[in-house]
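Each reported figure results from applying straightforward, stated rules to the coordinates on display, with no laboratory input. This one's a predicted model, so the numbers in the text were calculated from it and none came from an experiment. Here Cβ is always computed from backbone atoms with ideal geometry, including for glycine, and neighbour counts include all displayed protein chains.
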Amino acid sequence: MNLASREYSEKRNFHRMQIGSPVTITLPDSGEEITGKCLDLSGGGMSVEIDRVLPAGIELNICIMPPVGLTPMLNARTQVNRVESAPNDTCVLGLEIVEVLPTEAVAE
């Protein structure tokens, strides 16, 4: 089967894993932190739900904390590629992973 004959949902380069883990977003310019939930994760990006709207095109630093007892966390520089409104006055951001950062770059 070639790429053109696949369903749209099957055309991704990476499969998405549904994870639902807490995420901390840091705005690089101001250092402001926003908490949310990582809905899904793939090799190239993720979907994150937060309680405010951020503009497409900006870069964010993301830290995903796995459930207790599991490691490692994911610390990455991302770019907002998609912004969608969601139920309960939340927003879902489609983020592209630009660079995976070392875990020691996370502020304690």
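Describe numerically, in nm with one decimal, the distance between label points set 7 Å from Cα along Cα→Cβ at N81 and at V98.
Reported label-point gap for N81 and V98 is 1.4 nm.
Mind ranking 73-80, 18-25 by how tightly packed they are, going by the mean number of other C-beta atoms within 10 angstrom, highest first?
Per-residue mean Cβ counts within 10 Å order the peptides as 73-80, 18-25.
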